[in-house]
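The block underneath contains the structure these notes are about, expressed in structure tokens.
Laboratory data are not the source of any read-out in this text; all were calculated from the coordinates shown. Quick caveat, the model's predicted, so the values are computed rather than measured. As a convention, Cβ positions derive from the backbone with ideal geometry for all residues, glycine included, and neighbour counts pool all protein chains shown.
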């Protein structure tokens, strides 16, 4: 057996963590790397078991920095916003923007809509024009079948909000979809939505077989799939800031307030029209959003997918924020979809997600939407402020200096000397290396 064949394995998921590590060391890693994997194990065995159960085939924990951006004034309330992210400049930028706007009225935010969607796709040999006549009976049947499943959610203010029967001839002449609107209160609701949809699918098949309104040639029905949609155009939040331009002095910048506001608006307008710039623009927004999503135990992949679909809703990918100047008043806003939960799932199981929600004083899902949108807007403001004044690299590389020094295993004394040397200067990897090598001679 050649070495490549030895790397193939069956039953990997049934091995213990120690056995998985031993197999990796034997075929893929160096012997001393097992120690690196074990170095991040939690000292508390119970906590480690909880973490291991979050995923499959786990071999180690992968730590990420948990930071806080203070001074976020959102809807008149002051928050310290928890953020989990490895990018050194994100928390600093969000904190700086929050402090800047704290003295200019703070952030304002409102939830425009809070519905989530699920889809049941099926084949049916009936005629499309028959849908209107049959929909009422179908709705009655599927709602009755899931009454026990939805009762608790309805008691919390959620439940099934509506149902649309769509024909999808672009897929196939017999392709149909039930598009179901849900309210899920303070939970993200994925399991609830999927459970209800699968029950709908079972009842749909019974309905096709037994509904007296159907003709004999209309009873052929096949359920293809039932699943929530991460496209959430009905779960939208808007955040904004505004203040007179004369109050928008930028500390440390030689650009006057009026010129700054003009350049800032110009940069936002570019992102609204140019997809190449829009992708980077929105990535900056999501730096702030994703960090809060991770800290609170929500699903950043779903948030990212929904946000980018929303950014392209009119057929062109655009920047998510907008800026305008009216009568010498600066207005900057962000609208995006955020399907979040503050109860259940990882928000309950992950100990640090619990801490993050405690820091935020146990917000409702809609309150968290507002705070998270404010974090995205703050991040966008900080990035654009740098871009149109000093340039992005000055602040970014200043924060990145610590990572560069870590790559050279710099001592505390070397760090202090390097920071003093590069104060007010441009930081580069090459320049830091040359300086470190010089002081080590």
- Let me know the Rg and Dmax you get for the stretch 250-373 when you use only its Cα atoms, in Å. 17.0, 50
- Note on the structure: With R₀ set to 25 angstrom, the calculated FRET efficiency between the beta-carbons of residue 276 and residue 314, to the nearest 0.05, is 0.90
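Based on the Cα coordinates of the stretch 397-440, what is the per residue volume of their convex hull in Å³?
On the way: hull volume 2.7 nm³, N = 44.
Spread over its residues, the Cα hull of the stretch 397-440 gives 61 Å³ apiece.
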- Answer rounded, prolate or oblate for the chain, using the Cα gyration tensor with square roots of eigenvalues a ≥ b ≥ c: rounded when a/c is under 1.5, else prolate when a/b is larger than b/c, else oblate. oblate
- Percent of Cα-Cα pairs per 5 Å bin, from 0 to the last occupied bin, for the stretch 214-272, please list those. 3, 11, 12, 12, 10, 7, 6, 7, 5, 5, 5, 5, 4, 4, 3, 1
- Pairwise centroid distance, computed over Cα atoms, of the stretch 241-306 with the stretch 1-27, Å: 46
- Item | Helix 88-102 axis, angle to the chain major axis (alpha carbon atoms, nearest 10°) | 90
- Message: To test your reading of the geometry: what angle, between 0 and 90 degrees and rounded to tens, separates the Cα axis of helix 365-387 from the longest principal axis of the chain?
- Response: 40
- Let me have the 222 nm mean residue ellipticity of the chain computed from DSSP H runs of 4+ only, each contributing -39500 (n - 2.57), with the sum over all residues rounded to the nearest 500. -15500 deg cm²/dmol
- Separation of alpha-carbon centers, the stretch 405-432 and the stretch 186-224, rounded to whole Å: 63
- What FRET efficiency, computed as 1/(1 + (r/R0)^6) with R0 = 51 Å and r the Cβ-Cβ distance, is obtained for residue 41 and residue 130, rounded to the nearest 0.05? 0.25
- Message: Could you tell me how far the Cα centroid of the stretch 359-380 sits from the Cα centroid of the stretch 74-118, in Å?
- Response: 5
- Message: Sorting check: for 39-52, 171-184, 147-160, which peptide has the highest mean count of neighbouring beta carbons within 10 Å, and how do the rest follow?
- Response: 171-184, 147-160, 39-52
- Once the Cα atoms of the stretch 116-229 are picked out, what are the Rg and Dmax in Å? 13.9, 45
- Task: Pop the C-beta distance of residue 77 and residue 215 into the FRET formula with R0 = 60 Å and round what comes out to the nearest 0.05.
- Result: 0.50
- So what are the stretch 3-52's ellipsoid semi-axes, whole angstrom, largest first, if each one is the square root of 5 times an eigenvalue of the alpha-carbon gyration tensor? 23, 15, 5
